[in-house]
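The values are calculated or read from the model by the stated rules, or taken from the named source; none is laboratory data. Everything numeric in this text was worked out from a predicted model, so none of it was measured. Here the Cβ is made from the backbone with ideal geometry for all residues, glycine too, and neighbour counts use every protein chain on show.
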Amino acid sequence: MLPQDDVEAEAQALSWMSFIAATIHSAWAARHQRADRVRNVFALADRRLRTGEWALGSRYSIADIHLFRLFWRFRNAVHPAPDEFPNLSAHHDRMMDRSAVQRACEVEAAIGYELPA
């Protein structure tokens, strides 16, 4: 899922992964102390995503999975209006259209996985 045939795409994927792990994930983990920071971080991700269908533009990658997972949690817990994060909302919908994502959601629902508040 990490681009191997394009150095630029690999660098962009690693940049996204670092941003998601260091910024989005840490903001989400501290959401009870800094709810405003979580929204600001997702707004930054939304602006960064506006350049294409996927994190790497037209190329689906591991960065999309990581980004989706955290936005999915945020969206299901906070319920922002779709127009608050239009690019992330569209990305979420594209991810939900993927059969692998649908299967993963079905498996998690079957085992009783619930999002933390």
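Remarks
- Of the helices (runs of 4 or more DSSP H) that lie entirely inside the range 22-87, those containing 1 or more residues that are hydroxyl-bearing (Ser, Thr, Tyr) span 25-29.
- Among the candidates Val78, Val41, residue that is closer than 23 Å to Ala22 by Cα, among the aliphatic types (A, V, I, L, M) and touching a Ser or Thr at 6+ places or on another chain (Cβ under 8 Å): Val41
- Test: residue in the range 95-112 that is modelled with pLDDT under 90, among the charged types (D, E, K, R) and surrounded by 13 or more Cβ atoms within 10 Å (Cβ to Cβ): no
- Counting only residues that are surrounded by 14 or more Cβ atoms within 10 Å (Cβ to Cβ) and either touching a Lys or Arg at 6+ places or on another chain (Cβ under 8 Å) or among the charged types (D, E, K, R) (or both), the range 35-53 holds 6 of them.
- Residue count for the range 55-79 satisfying the condition of being among the small types (Gly, Ala, Ser), surrounded by fewer than 17 Cβ atoms within 10 Å (Cβ to Cβ), on the phi < 0 side of the Ramachandran plot and out of contact with any Gly (no Cβ under 9 Å at 6 or more places or on another chain): 1.
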